[in-house]
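The values are calculated or read from the model by the stated rules, or taken from the named source; none is laboratory data. These numbers come from a predicted model, not from an experiment. Neighbour counts are summed over all protein chains in view; Cβ atoms, including those assigned to glycine, are modelled from backbone coordinates with ideal geometry. Remember, those area values only see protein heavy atoms, side chains included, never the ligands or the DNA or RNA. Shrake-Rupley method; radii C 1.70, N 1.55, O 1.52, S 1.80 Å.
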Amino acid sequence: PSQPFSPLLTKSLKLDDRIVAYVFGSDQIDERLLPFATIIGPSIRFNSLVLKPDFKQRLMDQVLIPYGDTRGALFYFQGPYGVGKQSVAEALCYEMSRKLLVLRVDDLAKQTEIPFDIALSLVGREARLQNAVLYCSGFDVLLAEEEQTYRKAVLRMLNNLSGIVFLSGNTQWEPTDASGGKAFLRIEFDHPSYDDRLRLWKTSLNG
């Protein structure tokens, strides 16, 4: 205001650009998140996943059936790179008719453009605006003792989201500071067997 005690009606209010875009119907992700986050409209059907039958049934029984609604849960997908953790999350979201917001935690931790707490609040807001399930890729970079402050901040943000959240990493983890009222389940992913790898190649090459 030009005067220190100006009337309320002479003051201005500037909405955040992402909120303005949302009001006008845009589903483009907040551009400040692009260096470390991606929104995916799932195209992988759960039935098309090449997984061991008993493992697929476990995912159905422990994730899709009990948590396909708005109940909250943290699922930690543990396994090496390339075993299909993100593909499984995408397929589960497809069955729930939800988008998947992929947060690359290692890229988030390295970026310096936005303060960490503000970046987290933008991620949580984007998940709500998009009605997306959040998938935190490489979450285990925060398991080191020196990353404890960042890890707790991420977990606070995750526990404020409704519904399920997926975390992924290579390291085995049983949290002492994660639940926040949400159920927690660690699901271990193994390397695919020879027969499964052969089926994956055949499916991908399509003749």
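So the values come out like this:
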read-out: Table column - 3J(HN,Hα) (Hz), region 161-170, Karplus curve with 6.51, -1.76, 1.60, x for Gly and Pro; value: 7, 7, x, 8, 9, 10, 10, 9, x, 8
read-out: Amide hydrogen neighbours beyond the local backbone of LYS99, cut-off 5 Å, H modeled; value: VAL133
read-out: Dimensionless Rg/Rh of region 133-207 - Kirkwood Rh, Rg from C-alpha atoms; value: 1.12
read-out: Calculated log₁₀ intensity ratio I(q)/I(0) where the Debye formula runs over C-alpha points of the chain, q = 0.10, 0.13, 0.19 Å⁻¹; value: -0.49, -0.77, -1.42
read-out: Computed label-point distance, nm, for sites LEU198 and LYS152 using a 7 Å Cα→Cβ extension; value: 5.2 nm
read-out: Surface accessible to a 1.4 Å probe, GLU31 within the full protein complex, Å²; value: 140 Å²
read-out: Rounded if a/c under 1.5, otherwise prolate or oblate - region 1-103, Cα gyration tensor axes; value: prolate
read-out: Heavy-atom accessible area order for TYR150, TYR76, largest first, 1.4 Å probe; value: TYR150, TYR76
read-out: Prolate/oblate/rounded label for region 132-171 (Cα gyration tensor, a/c 1.5); value: oblate
read-out: Share of carbon and sulfur in the accessible heavy-atom surface of the chain [1.4 Å probe, %]; value: 52 percent
read-out: Anisotropy class of region 60-165 from Cα gyration tensor, a/c 1.5 cut; value: prolate
read-out: Alpha carbon convex hull of region 99-153, projected area averaged over orientations, nm²; value: 3.7 nm²
read-out: Loop-located GluC sites (Glu not before Pro) in region 104-170, at most 12 other Cβ atoms within 10 Å (DSSP); value: GLU113
